[in-house]
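Structure first, commentary second.
Quick note: the coordinates plus some simple rules give every number you see, no bench work behind them. Predicted model only: the values in this text are computed from it and were never measured. Cβ: placed from backbone, ideal geometry, glycine included. Neighbour counts: every protein chain shown.
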Amino acid sequence: METVEKIKRSDGIVDLKKEFKSRRVVLGAKEVKKLLALKKIKKVYLSNTAPKFLLDFEELKKVEVENLEMNASELGKFLGKNFPISAVGILK
């Protein structure tokens, strides 16, 4: 529980929470990859357990990327979901 509380105080995670509440987000590595290819994402938040296919995707280098210090399960819980989330994309 300490880890989640510590992460909540970081600036990047506060921004993620604000964006999530605005509903301009896409959840999941496959959806993020698909919308990156269509150039509809401006920023990506990645858990430390993000899949290799997303990390190697060329379009990921063209947007701002925030690497989070939590795994997919912790990220899902932080966002109030009952499932792991490895990537969150912020729509343009």
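Things worth noting here:
- Most tightly packed first, judged by the mean number of other beta-carbon atoms within 10 Å of their residues, the peptides 31-37, 77-83, 42-48, 63-69 read 42-48, 31-37, 63-69, 77-83.
- The stretch between GLU59 and LYS42, if pulled fully straight at 0.36 nm per residue, gains 5.0 nm over its current Cα-Cα span.
- Using θ = phi - 60° in the Karplus curve 6.51 cos²θ - 1.76 cosθ + 1.60, the 3J(HN,Hα) couplings for the stretch 61-67 round to 6, 9, 10, 6, 10, 10, 8 Hz; x is entered for Gly and Pro.
- Taking only alpha carbon atoms, the stretch 2-91 gives an Rg to Rh ratio of 0.93, where Rh is the Kirkwood radius.
- Net lengthening on full extension, LYS81/LYS52 (0.36 nm per residue, minus Cα-Cα): 8.2 nm
- 0 to 90° range, to nearest 10: angle between helix 11-22 axis and the chain longest Cα axis: 70
- Charged neighbours of PRO84, selected by a Cβ distance under 12 Å, balance to +1 (K, R count +1; D, E count -1).
- Beta-bridge orientation, the chain: approximately 65 percent antiparallel, per DSSP, counting only bridges with both partners inside.
- The label-point distance for ARG23 and GLU66, in a model that sets each label 7 Å from Cα toward Cβ, rounds to 2.1 nm.
- Straight-distance candidates among the lysines for linking to LYS17, with alpha-carbon spacing under 19 Å and chain neighbours fewer than 8 residues away dropped: LYS6, LYS8, LYS42, LYS43, LYS77, LYS81, LYS92.
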